[in-house]
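Since the structure comes first, as structure tokens, the remarks are kept for the end.
The values are calculated or read from the model by the stated rules, or taken from the named source; none is laboratory data. Model, not experiment: these values are computed from the prediction. In this analysis, Cβ positions are derived from the backbone assuming ideal geometry, glycine residues included, and neighbour counts consider all displayed protein chains. The area values use the complete protein model at the heavy-atom level, side chains included, leaving out ligands, DNA and RNA. Shrake-Rupley method; radii C 1.70, N 1.55, O 1.52, S 1.80 Å.
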Amino acid sequence: MATLQFGKGIILKKSNNTINNSNNNCNNNCNNCNNNGKSTKENNSQNIIEIKNVSFYYNETEGLPAVDNVSLNIKRGEFLAVLGHNGSGKSTLAKLLNGLLVPDSGEVLVNGLSTKDESQSINIKKTVGMVFQNPDNQIIASIVEEDVAFGPENLGFTPKESRERVESALKAVNMWEFRNKAPHKLSGGQKQRVAIAGVLAMQPECIVFDESTAMLDPKGRKEVMDTLLNLNKNNNITIILITHFMEEAARAKKIAVMNNGKISAAGTPKNIFSDYKLITDTGLALPQPTELLHTLKEKGINVDVSAVNTTDCIEVLSKLLLKEKEA
């Protein structure tokens, strides 16, 4: 039986009929399953992903794991940013979250299903979608609408269902008006939004973005980040953003910092970026607003350094200037 892995995170075995029959068998034989094949008990769990003492080696003979005994719970509806310098293990961790890689030790559970269980591979990849760094590697059709339809069609949905999913996905990323365009004529940010729509059309509960803004200019990065925030807020999709841009991480609800394959710290953006030693020890940089406030504090100015974005920084500086004026 041939198995094909596509850039959209879909695994297909044999033909669409095989998948349709598999889905039908699940619906007929499992009275406690919902549309995604997950039990009600699993869906009621607070965590969509549980990482339990996971280690992964690309080459065990070297003795150095890319991911080293990592444990982390990711809640439903959360927006998690994973930070780390090059080689810290963050992209490897991303690929472990939907079974593109399988742990050498420990376990990754997605809605209670182990990524080591090959029989659950399709359910896991339908639950956790992935968007990669280069959208050109994920876009496979010559027309935007056809590309977004690839996933639903190959998962066995009817033409009517596929059209509905395509329209919904493209509208969610503000690309509906470009549905008949050729992807190669779009900007980098627009291409990445088409790639997001392609994953979104399969209606995952969670999307992992593996440095998906790294190749974009500031305008393109803003377009993609605004899309991520909208999907998280309005569609309640769990977002996991792998990034090395501090300003992007500052917009997440929670940050996990990776260093040498381990998670060094996890917490809110304010908690993480207030720890100057943590940031410098892991080879990272502070967001520019936070760095400015730390510089002022080093100069002897009593200022709150917890601001992580421009708006909060302006508020802190405005209060400081008001105090100086009143004095």
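Filtered by the rule that a residue be at pLDDT 95 or above and polar (S, T, N, Q), the stretch 70-91 gives Ser71, Asn73. Could you grab me the full set of residues in the stretch 70-88 that are open to solvent by 10 Å² or more (accessible area, probe 1.4 Å) and closer than 12 Å to Met258 by Cβ? Selection gives Leu72, His85, Asn86, Gly87. Listed conditions (1) open to solvent by less than 50 Å² (accessible area, probe 1.4 Å); (2) within 21 Å of Leu80 (Cβ to Cβ) are all met by Ala197, apart from (2).
Screening the stretch 63-139 for strands (runs of 3 or more DSSP E) wholly inside it with 2 or more residues that are polar (S, T, N, Q) and on the phi < 0 side of the Ramachandran plot returns the ranges 67-75. Test Lys191 against the criterion of being open to solvent by 10 Å² or more (accessible area, probe 1.4 Å), without any contact (Cβ under 8 Å) to a residue 24 or more places away in the chain and not small (Gly, Ala, Ser), and give yes or no. Against the criterion (open to solvent by 10 Å² or more (accessible area, probe 1.4 Å), without any contact (Cβ under 8 Å) to a residue 24 or more places away in the chain and not small (Gly, Ala, Ser)), Lys191 does not qualify.
Every residue, every condition in (1) β-branched (Val, Ile, Thr); (2) within 30 Å of Ser88 (Cα to Cα); (3) within 20 Å of the chain's Cα centre (by Cα); (4) not in a helix (DSSP H, G or I), yes or no:
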{"site": "Asn180", "(1), (2), (3), (4)": "no, no, no, yes"}
{"site": "Gly189", "(1), (2), (3), (4)": "no, yes, yes, no"}
{"site": "Phe209", "(1), (2), (3), (4)": "no, yes, yes, yes"}
{"site": "Asn230", "(1), (2), (3), (4)": "no, yes, yes, no"}
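For every residue, the table says whether it meets (1) assigned to a helix (DSSP H, G or I); (2) surrounded by 15 or more Cβ atoms within 10 Å (Cβ to Cβ); (3) at positive phi.
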| position | (1), (2), (3) |
| --- | --- |
| Ile255 | no, yes, no |
| Lys277 | yes, no, no |
| Leu284 | no, yes, no |
| Thr295 | yes, no, no |
| Val303 | no, yes, no |
| Ala307 | no, yes, no |
| Leu320 | yes, yes, no |
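Lys222 meets each of the listed conditions (1) open to solvent by 80 Å² or more (accessible area, probe 1.4 Å); (2) not in a helix (DSSP H, G or I) apart from (2).
Out of the residues in the stretch 238-247 that are open to solvent by 10 Å² or more (accessible area, probe 1.4 Å) and in contact (Cβ under 8 Å) with a residue 40 or more places away in the chain, which is nearest to Ser91 (Cα to Cα)? Among those that are open to solvent by 10 Å² or more (accessible area, probe 1.4 Å) and in contact (Cβ under 8 Å) with a residue 40 or more places away in the chain, it is His244.
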